[in-house]
Ligand SMILES: Nc1ncnc2c1ncn2[C@@H]1O[C@H](COP(=O)(O)OP(=O)(O)OP(=O)(O)O)[C@@H](O)[C@H]1O
Ligand SMILES: [Mg+2]
């Protein structure tokens, strides 16, 4: 498996190499857990987006990682071209990028997926095509370079053993807030009820006045917006690059399969497990081992509990 | 009045309904009988816009239902209780009722009405629908449909798999609703139920309504039942 730029960036790049030797086990574990938590939080956002789309529409969106990449690239454009101080620019990106990506996703749904009648196999092939189209579009209009986005603030929290990025902790809090909002939306609002009813039985939903086309476009847009929001949170830690969508896609799939396709609760638990174990194993051993274990875990789940840890039996 | 005029409908290349016509009057229970596979459920789904109508028309008052996308049909006052109930299983009783109320601007009054009709549902508002008993599930399916305050109610074999006391409860509910001027279309296989509540019976075979009988002309030993239902 290729070395993960996402995980690498989350881990703080080369900076860790120096610290590792000087730190004793306890603080080192704490650092690993912190890094794992940041990873888990961002992963939960992308995976919930993927899971919602699959749950409601039965579409496996292979281009999900590219929507994430688009979010990061748009964040770069916004912060680069809007004459705002870093904090305001980043905040603007956090609003603009998810909205733009949601609009692009809704368009993808209406122009392509809907015309394929949401056939499970055809949509996989179509989203693979979209993956390359979006990637090439980014390469053409944004270029091959990785470009940084300045973090909205630069605080460091000084722990007794090491200093830690305040922004990374903010990322965790922000991801949790977004996930809470999604949960409230799904369980407490009319639109959420409409989405859940459509997920259960799209035909009967129509008999109660639900416009399934609109629900699908909205769900795909929401999935894209979540990926984009995750990217805007990550982009001050990692740089925006046209190939950055691969890893989040792979990890999101791992999380969604382990958690159970379409189960939001399972997705959250699995994101925490994968994020934390990835953070810890990568630090103590190697990132490659972490990916090997995650992949093994997926294989085990597929063999012994194909519906996922929390998924309903089909 | 619901008028189905010469419709042909089916699934892809398979034609199930061929040149089928009949009418359902307000304040009447129109029963539909026919053997398994005769196309009774397909007819219901065609009225709901869930099966494309290739020719013919379905009219309700001024509205041409067959020209509408499926989600617009309930806006014209047509409510549907599908065969096998098709509740939103993982959702609670209250949420299933909320789905029924989606097309209504102010649903509170209607919600009280359906919960008064089935007090057992009121006791179980937070229970997940899939854990209800068969009878309770059928009550919920009917309650959910009645939330629309429909002019036309389509009931597809509501008594399937239920015990006698539950069947008579549903029968009484249908009769009470008839009083309110509702046009009810009831797919029903039991001759005794049909004889008790039908105003009119449409017998289906080969994808068409082959015969329509008035209630007054039917008795339990009518040859029509033997011919079309095989009892
Ligand atoms: N989704 C479908 N695709 C293809 N054919 C279908 C589909 N649904 C039903 N049919 C066919 O249409 C015909 C009529 O089915 P329908 O369900 O309308 O019968 P029914 O009269 O309701 O029978 P039952 O008494 O068993 O409920 C059957 O031959 C059935 O196999
Ligand atoms: Mg049937």
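Descriptive notes on the structure:
- Taking Cα atoms only, the orientation of helix A:190-200 departs from the longest principal axis of chain A by about 70 degrees.
- Value at 222 nm in deg cm²/dmol, rounded to 500, when DSSP H runs of n ≥ 4 in chain B each add -39,500 (n - 2.57): -9000 deg cm²/dmol
- Adding -39500 (n - 2.57) for every DSSP H run of four residues or longer, then dividing by how many residues chain A holds, sets the calculated 222 nm ellipticity at -24000 deg cm²/dmol.
- Take A:124-132, B:216-224, A:223-231 and order them by the average number of nearby Cβ atoms within 10 Å per residue, most first; the result is A:223-231, A:124-132, B:216-224.
- Antiparallel content of DSSP bridges confined to the protein assembly as shown, in %, to 5: 60 percent
- Percentage relative contact order, segment A:236-278, counting C-alpha pairs under 8 Å, at least six apart: 23 percent
- Across q = 0.20, 0.27, 0.31 Å⁻¹, segment A:21-75 modelled as identical point scatterers on its alpha-carbon atoms has Debye log10 I(q)/I(0) values of -0.78, -1.04, -1.13, in the order of the q list.
- For the protein assembly as shown: span of alpha carbons on each principal axis (Å, largest first): 97, 46, 43
- For segment B:156-227 versus segment A:79-123, the gap between their alpha-carbon centres in whole angstrom: 53 Å
- Cβ crowding within 10 Å, taken as a proxy for footprinting-reagent exposure, orders A:184, B:132 from fewest neighbours to most as A:184, B:132.
- Degrees separating the helix A:64-81 axis from the principal Cα axis of chain A, which is the longest one: 60 degrees
- Relative contact order of chain A, pairs being alpha-carbon contacts under 8 Å that are 6 or more residues apart, as %: 36 percent
- Diagonalising the gyration tensor over the Cα atoms of segment A:256-311 and scaling each eigenvalue by 5 before taking the square root yields semi-axes of 21, 13, 6 Å, largest first.
- The alpha carbon convex hull volume per residue for segment B:137-196 rounds to 77 Å³.
- Three-way shape call for segment A:215-314 based on the alpha-carbon gyration tensor, with the a/c threshold at 1.5: oblate
- Three-way shape call for segment A:99-209 based on the alpha-carbon gyration tensor, with the a/c threshold at 1.5: oblate
- Residues A:164, A:242 in ascending order of nearby Cβ atoms (within 10 Å, fewest first): A:164, A:242.
- With distances taken between every two different alpha-carbon atoms, chain A has a Kirkwood hydrodynamic radius of 19.8 Å.
- Separation of segment B:1-58 and segment A:167-214, taken as the distance between their Cα centroids, equals 35 angstrom.
- Chain B - share of DSSP beta bridges that are antiparallel (%, nearest 5): 55 percent
- Cα shape, segment A:123-186, gyration tensor, a/c 1.5 rule: oblate
- Globularity index of segment B:55-101, i.e. its alpha-carbon radius of gyration over 2.2 N^0.38 Å: 1.43
No value in this document is a laboratory result; all are computed from the given coordinates. What you see is a predicted model; the values in this text were computed from it and never measured. So basically every Cβ, Gly included, is an ideal-geometry build from the backbone, and we count neighbours across all protein chains shown.
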